[in-house]
1. For region 71-87, give me each residue that is under 18 Å from Ile45 (Cα atoms) and open to solvent by 50 Å² or more (accessible area, probe 1.4 Å).
2. Restricting to region 71-107, and then to whatever is part of a strand (DSSP E or B) and not hydrophobic (A, V, I, L, M, F, W, C), can you tell me which residue is farthest from Leu126 (Cα to Cα)?
3. Output the residue which, of all residues in region 94-112 that are farther than 19 Å from Ala129 by Cβ and open to solvent by less than 70 Å² (accessible area, probe 1.4 Å), is farthest from the chain's Cα centre (by Cα).
4. Could you list, in sequence order, all residues of region 9-51 that are without any contact (Cβ under 8 Å) to a residue 40 or more places away in the chain and polar (S, T, N, Q)?
5. Every residue in region 128-143 that is open to solvent by 10 Å² or more (accessible area, probe 1.4 Å) and either at pLDDT 80 or above or among the small types (Gly, Ala, Ser) (or both), please.
6. Keeping to region 58-87, report how many residues are in contact with a helix residue (DSSP H, G or I) (Cβ under 8 Å, 6 or more places away or on another chain) and among the small types (Gly, Ala, Ser).
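The values are calculated or read from the model by the stated rules, or taken from the named source; none is laboratory data. Source: prediction; values computed, not measured. Note that we place each Cβ from the backbone using ideal geometry, even for glycine, and neighbour counts take in every protein chain shown. Surface accessibility is based on the protein's heavy atoms, side chains included, excluding ligands, DNA and RNA. Shrake-Rupley method; radii C 1.70, N 1.55, O 1.52, S 1.80 Å.
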Amino acid sequence: MLSFGRTRRLVRQLDRHEIDLVLESGRPDGAFGRALRRAGYRGRIVSFEPFGGDRAGVRRAAARDTAWQVLPYALGDRDNAWIRRLDGMWEDVVAPGERVLLHVGHRPELPEAVAGAGEFGDDLTLVRADSGDDLTLARFGLGDGPAPVRSGAGAGPALVASGRAGA
């Protein structure tokens, strides 16, 4: 999880990219969303958490926040009992014109979550994955892959800007 200072820097990046919706998967305790709120992010949050247990933490945090919704499945590249493709629910979750950060709590799940965005992948303004305390930023050109924008030390979380909405 990011420290408060690093979370503030992330929130400044969200402001710079005019992000007004964070789609968050993989933090069932609600820590990422709570950290964003403490650091000043006021946009909408939609958390995807498929299992009981720890999910109660994110549900409690969201219950006190009218701009935070929790859906009972994970994001992935296929639909099954506990996993949903983002493209199949995009229009139910994302309002027209919203600029979106897709945050995935576990880096190995990022490719599946992005693949599940399907035709809406280019509408993801930013994409981020946790893997430590450092922050890495990159920008997607139109179809030419990620290029670094800013990097923290080490191999920390990836944050990349994407195609149409982020260009």
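1. Listed by number, the residues that qualify are Pro72, Arg84, Arg85.
2. Arg84
3. The selected residue is Ala95.
4. Ser47
5. Scanning region 128-143 gives Ser131, Gly132, Ala138, Gly141, Gly143.
6. So the count comes out to 4.
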